[in-house]
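This report refers to the structure that appears directly beneath it.
The values are calculated or read from the model by the stated rules, or taken from the named source; none is laboratory data. Because the structure is a prediction, the values reported are computed rather than measured. When we count neighbours, we look across all protein chains shown, and the Cβ atoms used for this are built from the backbone with ideal geometry, even at glycine. The protein model used for the area step is the full one, side chains on, heavy atoms only, and it has no ligands, DNA or RNA in it. Shrake-Rupley method; radii C 1.70, N 1.55, O 1.52, S 1.80 Å.
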Amino acid sequence: MFLDLSNHLPNTKVISPKIFYKEKLASTNEEALNLNDDSYGIVICDKQTYGRGRHGRKWVSTPYKDLAFTIIIPKNYIMDGQSLVDIACRSIVTNLEKLKIPARIKYPNDIYIENKKISGVLCEQKIKDKVITQVLGIGINVNSNFQDLEPIQDKLYTSLLLELGKEVSREKLLKNIIETIDYTIQKQIHL
């Protein structure tokens, strides 16, 4: 089912709530890095065909079931990449705990439930004409079932569906995570 963000736009102060949605993208990070230099907001798709993680590793999202999105950081809030990854990881864990899921951060950029991976975060940047564009990509296995995850078992993976036994609203989870990240950045920069 397609994402319907019309009733779930994030209420943010730092991150622009503007949504750049495309049904299919190779990579939300790549798309975000290639937007105009003055574009801010959230790049999201329902079908990411070539998601990536650290060191060129592949991130696989089940189309129309999982979340693959990238936050474009406004230029006046650029910070250390690992600090942004830490903020995102803590925000994801906080929101999973609200769903009664005991998640943990596996440093430097993954979220695990016991020994199973559920989420990954990737911060990237490009510099063009002395202008830095910094993006924060997040992938979360939301409503993937066991058959969806079986082909990528180079590690143990899980999803919210598998952990909770029921589907989770991708829209609500996306909104909550973005708002938590935004609030944490606000605290760090004393807004």
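Rank by packing, highest mean first: peptides 80-87, 124-131, with packing defined as the count of other Cβ atoms within 10 Å averaged across residues.
In decreasing order of mean packing, 80-87, 124-131 become 80-87, 124-131.
Can you tell me the length gained on complete extension of the stretch Y21 to K166, counting 0.36 nm per residue apart and subtracting the Cα distance?
49.6 nm
For segment 24-101, give the percent of accessible area contributed by carbon and sulfur heavy atoms, probe 1.4 Å, rounded to a whole number.
Here it works out to 46 percent.
Report which label in [x] 156; [y] 113; [z] 198 holds the value of volume of the Cα convex hull per residue in Å³ derived from the coordinates of this structure.
Matching entry in [x] 156; [y] 113; [z] 198: [y].
Express the accessible area of the chain per residue in Å², computed with a 1.4 Å probe while the remaining protein chains stay in the model.
So the chain comes to 50 Å² accessible per residue, rounded to a whole number.
May I ask for the net charge around Y77, where only other residues with Cβ less than 14 Å from the Cβ of Y77 are counted and Lys, Arg are +1 while Asp, Glu are -1?
+1
Is the C-alpha gyration tensor of segment 67-166 telling us rounded, prolate or oblate? Criteria: a/c under 1.5 is rounded; beyond that, a/b larger than b/c is prolate, otherwise oblate.
Because a/c hits 1.5 or more and a/b exceeds b/c, segment 67-166 counts as prolate.
P(r) of segment 93-136 in 10 Å steps, Cα pairs, percent per bin?
25, 37, 21, 14, 3
Greater than 18 Å separation of Cα atoms is the criterion. Which listed pairs, K100/K172; K58/K166; K47/K166; K65/K166; K58/K126, meet it?
Over 18 Å apart, Cα to Cα: K58/K166; K47/K166; K58/K126.
Note the angle between two axes, namely the Cα long axis of helix 81-98 and the longest principal axis of the Cα atoms of the chain, as a number of degrees from 0 to 90, rounded to the nearest 10.
Result, in degrees: 40.
Taking a ≥ b ≥ c as the square roots of the eigenvalues of the Cα gyration tensor of segment 1-54, is the shape rounded (a/c under 1.5), prolate (a/b larger than b/c) or oblate?
oblate
Which shape class applies to segment 17-104: rounded if a/c is under 1.5, otherwise prolate when a/b exceeds b/c and oblate if not, where a ≥ b ≥ c are the square roots of the Cα gyration tensor eigenvalues?
Cα axes put segment 17-104 in the oblate bin.
Could you state how much accessible area E150 has, in square angstrom rounded to the nearest 10, with a 1.4 Å probe and all protein chains kept in place?
Using a 1.4 Å probe on the heavy atoms, I get roughly 100 Å².
Roughly how much of F146 is accessible, in Å² to the nearest 10, using a 1.4 Å probe?
110 Å²
With point charges of +1 on the Cβ of Lys and Arg and -1 on the Cβ of Asp and Glu, referenced to the Cα centre of segment 60-162, which listed residue (V93, M79, L162) lies farthest in the positive direction of the dipole?
It is M79, whose Cα lies furthest towards the positive end.
Keeping all protein chains in place and using 1.4 angstrom, which order do D4, D37 fall into by accessible surface area, from largest down?
Greatest to least solvent exposure: D4, D37.
For the Cα atoms of the chain, what angle does the longest principal axis make with the long axis of helix 170-188, in degrees from 0 to 90, nearest 10?
Result, in degrees: 40.
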